[in-house]
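Asker: Handing you this structure, nothing more for now.
The values are calculated or read from the model by the stated rules, or taken from the named source; none is laboratory data. Just so you know, these numbers come straight off a predicted model, no measurement behind them. Neighbour counts are summed over all protein chains in view; Cβ atoms, including those assigned to glycine, are modelled from backbone coordinates with ideal geometry.
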Amino acid sequence: MLNTSDFQIFPNPTKGNYFVFFNSDKSQEVLISVRDITGKLWMEKTVSVNMGNNNIEMPAKQLPTGNVFITLTNGTQTGTRKLMVF
């Protein structure tokens, strides 16, 4: 289970790498996807995370400038946050 209330993106706004921070109550795989405001998928990454706090570094260099939406999914739970890229 993901604690999506702890799900944060920083730094925000960004022009370089950014971090996806969240808490998980067990070791599991999660899917991180990035979409623009039109819904176009720009990046998708499956990562294995540990129980407790997780901090995943992600690159912003291939993302469009403007607002993108970072979605974190573990199969049953989903959380989305907005990231400003400049």
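Asker: Scan the range 60-79 residue by residue and report those that are closer than 22 Å to P13 by Cβ and either in contact with a Lys or Arg (Cβ under 9 Å, 6 or more places away or on another chain) or loosely packed, with under 11 Cβ neighbours inside 10 Å (or both).
Answerer: A60, K61, Q62, P64, T65, N67, V68, F69, I70, T71, L72
Asker: Could you list all residues from the range 51-63 that are assigned to a loop (DSSP other than H, G, I, E, B) and either within 14 Å of V20 (Cβ to Cβ) or in contact with a Gly (Cβ under 7 Å, 6 or more places away or on another chain) (or both)? Walk me through how you get there before you give the answer.
Answerer: Residues of the range 51-63 assigned to a loop (DSSP other than H, G, I, E, B): 51, 59-63.
Correct list: P59, A60, L63.
Asker: Condition check: closer than 26 Å to S27 by Cα and outside any strand (DSSP E or B). Does G79 satisfy that?
Answerer: no
Asker: Cβ contacts < 7 Å: first residue under 18 Å from P59 (Cβ atoms) and touching a residue at least 60 places away in the same chain (Cβ under 8 Å), restricted to the range 70-86; second residue among the charged types (D, E, K, R) and assigned to a strand (DSSP E or B), any location; separation 6+ or different chain. Result?
Answerer: Here the result reads I70/R81, each pair linking the range 70-86 to a residue that is among the charged types (D, E, K, R) and assigned to a strand (DSSP E or B).
Asker: Further, regarding this structure: With the structure loaded, tell me whether T78 is of a type in the set (S, T, Y) and modelled with pLDDT of 95 or more or whether it fails that test.
Answerer: No, not satisfied.
Asker: Just wondering, is there one or more residues in the range 40-49 that are modelled with pLDDT of 95 or more, farther than 17 Å from F86 by Cα, loosely packed, with under 14 Cβ neighbours inside 10 Å and out of contact with any strand residue (DSSP E or B) (no Cβ under 9 Å at 6 or more places or on another chain)?
Answerer: There is at least one residue in the range 40-49 that is modelled with pLDDT of 95 or more, farther than 17 Å from F86 by Cα, loosely packed, with under 14 Cβ neighbours inside 10 Å and out of contact with any strand residue (DSSP E or B) (no Cβ under 9 Å at 6 or more places or on another chain).
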